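Report on the structure given below.
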Amino acid sequence: MAKLFEEFELKGVHFKNRIVMAPMCMYQSDKEDGHVTDWHRVHYPTRAVGGVGLIITEATAVQPIGRISSRDLGIWSDAHIDGQGEIVRLMKANGAKTGIQLAHAGRKATVDGDIQAPSAIAFNDKYKTPKAMTIDEIDETVQAFQDGAVRAKKAGFDVIEIHAAHGYLINQFLSPLTNQRTDEYGGTSENRYRLLGRVLDAVNAVWDGPLFVRISAEDYTDGGMTPEQYVEMTKWMKQQHVDLIDVSSGAVVPAQIPVFPGYQVNFAETIKKETPIATGAVGLITEPRHAEEILQNGRADFIFLARELLRNPYWAYTAARELGADIEAPVPYDRGWI
Ligand SMILES: Cc1cc2nc3c(=O)[nH]c(=O)nc-3n(C[C@H](O)[C@H](O)[C@H](O)COP(=O)(O)O)c2cc1C
């Protein structure tokens, strides 16, 4: 049996295969209110019908000030629970486990008004210069992640992923390139980790399901973070009951990224072996045999796919045929999936 179709369990949640839909912003909320729309109601359950084991929905803002765009999904108010619950129900009804990525954009927010970050440094000249966060604002943000987790639980999600990658707020604290604070949130790796550590504690207090963290393992810039440096932090994450590190890279500062099939897999492998902890490999993985190689060689535990699932929501079916795995078709598709 192909490993891609082997089951997996984390904290009592059973995954039917190792195929994960990576979070992808759709920017399809109406009226800047962060609510789910028909687009989400069609887009996400379609991937469930297509056989994806776990669907992690897009970066979902825990505070309006932390939106990447004004059309991001939100979970900053109780009014968001019903809409999120509806897409969870539709995904589950079609056989997938469900995850939400809790997010705050920090200095990469493109909303009206002031934006926040660890330090008052703009990403580039196209972005606003953020205000350096006060301790009170940090406290409010930690609380917002906890409130978001409570709402995600009420909506019925199986997995919470904390977005600590791609140069968004938590990542801005983790990397010395973006964090030039001189208080207890900046300087040493312990201090730069403090915001993520507090967010994980706050989420753990209200959440006992599988907990993932997405990191940018490599900043591709001198003086920035590397996978080896992240090993120290992923050990701390493991102590804080994190079950899986979703290993992405880049976007912390403008940098040239060498991109090729599987370009981030080595980072997932380093984190997995050195921590050790379960990892997700992501980034230009499109071929079933490539996915199988990564799993069989013990380089990661889950395969996260993003753009390939935009092209082919039935990738799991395609992969099963190619790898000779026998997977259950949705009953109405039985005559087609043979
Ligand atoms: C349209 C689009 C939206 C994305 N939005 C998010 C997001 O909300 N959160 C996130 O962590 N990554 C996001 N990403 C990055 C993907 O999750 C993934 O890491 C990246 O596309 C590389 O994987 P791929 O080669 O399979 O597409 C996005 C990517 C795309 C193409």
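We did not get these values from a lab; they are worked out from the coordinates using the rules stated. Predicted model only: the values in this text are computed from it and were never measured. Neighbour counts run over all protein chains shown; Cβ positions are idealised from the backbone, glycine included.
Only one of these conditions is not met by LYS126: (1) in contact (Cβ under 8 Å) with a residue 40 or more places away in the chain; (2) more than 16 Å from SER175 (Cα to Cα). Which number is it?
Failing condition for LYS126: (1).
Quick one: count up the residues across the range 250-294 that are assigned to a loop (DSSP other than H, G, I, E, B), among the small types (Gly, Ala, Ser), in contact with a Phe, Trp or Tyr (Cβ under 8 Å, 6 or more places away or on another chain) and touching a residue at least 60 places away in the same chain (Cβ under 8 Å).
Step one: list which residues in the range 250-294 are assigned to a loop (DSSP other than H, G, I, E, B), which gives 250-264, 275-277, 283-287.
Checking which are among the small types (Gly, Ala, Ser) leaves us with 250-251, 255, 262, 283.
Those left that are additionally in contact with a Phe, Trp or Tyr (Cβ under 8 Å, 6 or more places away or on another chain): 250, 255, 283.
In the following step, the residues that additionally are touching a residue at least 60 places away in the same chain (Cβ under 8 Å) were identified as 250.
The qualifying residues number 1.
Within the range 103-113, is even one residue of a type in the set (Gly, Ala, Ser), more than 21 Å from the chain's Cα centre (by Cα) and surrounded by fewer than 24 Cβ atoms within 10 Å (Cβ to Cβ)? Before the answer, list the steps.
To start, the set of residues in the range 103-113 that are of a type in the set (Gly, Ala, Ser) comprises 103, 105-106, 109, 113.
Okay, now just the ones that are also more than 21 Å from the chain's Cα centre (by Cα), so 113.
Now drop any that are not surrounded by fewer than 24 Cβ atoms within 10 Å (Cβ to Cβ), which leaves 113.
There is at least one residue in the range 103-113 that is of a type in the set (Gly, Ala, Ser), more than 21 Å from the chain's Cα centre (by Cα) and surrounded by fewer than 24 Cβ atoms within 10 Å (Cβ to Cβ).
Give me a count of the residues in the range 15-37 that are free of Cβ contacts under 8 Å to residues at least 60 places away in the same chain and on the phi < 0 side of the Ramachandran plot.
To start, the set of residues in the range 15-37 that are free of Cβ contacts under 8 Å to residues at least 60 places away in the same chain comprises 25-37.
Those left that are additionally on the phi < 0 side of the Ramachandran plot: 25-26, 28-30, 33, 35-37.
Residues that pass the stated criteria total 9.
Just to be sure before I move on: is MET233 out of contact with any helix residue (DSSP H, G or I) (no Cβ under 6 Å at 6 or more places or on another chain) and under 23 Å from ALA117 (Cα atoms) in the structure I sent? If you could, list the steps in order and put the result at the bottom.
Values: out of contact with any helix residue (DSSP H, G or I) (no Cβ under 6 Å at 6 or more places or on another chain): no; under 23 Å from ALA117 (Cα atoms): yes.
For MET233, the condition - out of contact with any helix residue (DSSP H, G or I) (no Cβ under 6 Å at 6 or more places or on another chain) and under 23 Å from ALA117 (Cα atoms) - is not met.
In the range 295-332, what residues are within 22 Å of the chain's Cα centre (by Cα) and in a loop (DSSP other than H, G, I, E, B)? Before you say what the answer is, go through the steps one by one.
Residues of the range 295-332 within 22 Å of the chain's Cα centre (by Cα): 295, 298-316.
GLY298, ARG299, ALA300, ASP301, ALA306, ASN312, PRO313, TYR314 - these are the residues of the range 295-332 that are within 22 Å of the chain's Cα centre (by Cα) and in a loop (DSSP other than H, G, I, E, B).
Can you name the condition, by its number, that ALA278 falls short on among (1) away from the ligand (no atom under 16 Å from the Cβ); (2) surrounded by 15 or more Cβ atoms within 10 Å (Cβ to Cβ); (3) more than 17 Å from the chain's Cα centre (by Cα); (4) aliphatic (A, V, I, L, M)?
Among (1) away from the ligand (no atom under 16 Å from the Cβ); (2) surrounded by 15 or more Cβ atoms within 10 Å (Cβ to Cβ); (3) more than 17 Å from the chain's Cα centre (by Cα); (4) aliphatic (A, V, I, L, M), ALA278 violates only (3).
Check the range 204-223 and report whether any residue there is out of contact with any Ser or Thr (no Cβ under 8 Å at 6 or more places or on another chain), over 17 Å from THR279 (Cα atoms) and not in a loop (DSSP other than H, G, I, E, B).
There is at least one residue in the range 204-223 that is out of contact with any Ser or Thr (no Cβ under 8 Å at 6 or more places or on another chain), over 17 Å from THR279 (Cα atoms) and not in a loop (DSSP other than H, G, I, E, B).
Rundown of residues vs (1) within 16 Å of the ligand (Cβ to nearest atom); (2) not polar (S, T, N, Q), yes/no style:
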{"site": "PHE145", "(1), (2)": "yes, yes"}
{"site": "LYS154", "(1), (2)": "no, yes"}
{"site": "LEU174", "(1), (2)": "yes, yes"}
{"site": "THR188", "(1), (2)": "no, no"}
{"site": "ARG192", "(1), (2)": "no, yes"}
{"site": "LEU200", "(1), (2)": "no, yes"}
{"site": "ILE215", "(1), (2)": "yes, yes"}
{"site": "VAL231", "(1), (2)": "no, yes"}
{"site": "HIS241", "(1), (2)": "no, yes"}
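Within the range 201-252, how many residues are in contact with a His (Cβ under 9 Å, 6 or more places away or on another chain), surrounded by fewer than 24 Cβ atoms within 10 Å (Cβ to Cβ) and among the aliphatic types (A, V, I, L, M)?
2
Has the range 115-127 got at least one residue that is within 17 Å of GLY74 (Cα to Cα), more than 16 Å from the ligand (Cβ to nearest atom), surrounded by fewer than 20 Cβ atoms within 10 Å (Cβ to Cβ) and among the basic types (Lys, Arg)? Write out each step before concluding.
To start, the set of residues in the range 115-127 that are within 17 Å of GLY74 (Cα to Cα) comprises 115.
From what's left, more than 16 Å from the ligand (Cβ to nearest atom): 115.
Checking the rest, the ones that are also surrounded by fewer than 20 Cβ atoms within 10 Å (Cβ to Cβ) come to none.
For the range 115-127, residues within 17 Å of GLY74 (Cα to Cα), more than 16 Å from the ligand (Cβ to nearest atom), surrounded by fewer than 20 Cβ atoms within 10 Å (Cβ to Cβ) and among the basic types (Lys, Arg): absent.
Name the residue that is nearest to the ligand (Cβ to nearest atom), counting only residues in the range 1-34 that are acidic (Asp, Glu) and over 24 Å from HIS166 (Cα atoms).
Our first condition is that a residue be acidic (Asp, Glu); within the range 1-34, this holds for 6-7, 9, 30, 32-33.
Within this subset, residues satisfying the condition of being over 24 Å from HIS166 (Cα atoms) are 6-7, 9, 30.
Details: GLU6: 21, GLU7: 23, GLU9: 24, ASP30: 18 Å.
Among those that are acidic (Asp, Glu) and over 24 Å from HIS166 (Cα atoms), it is ASP30.
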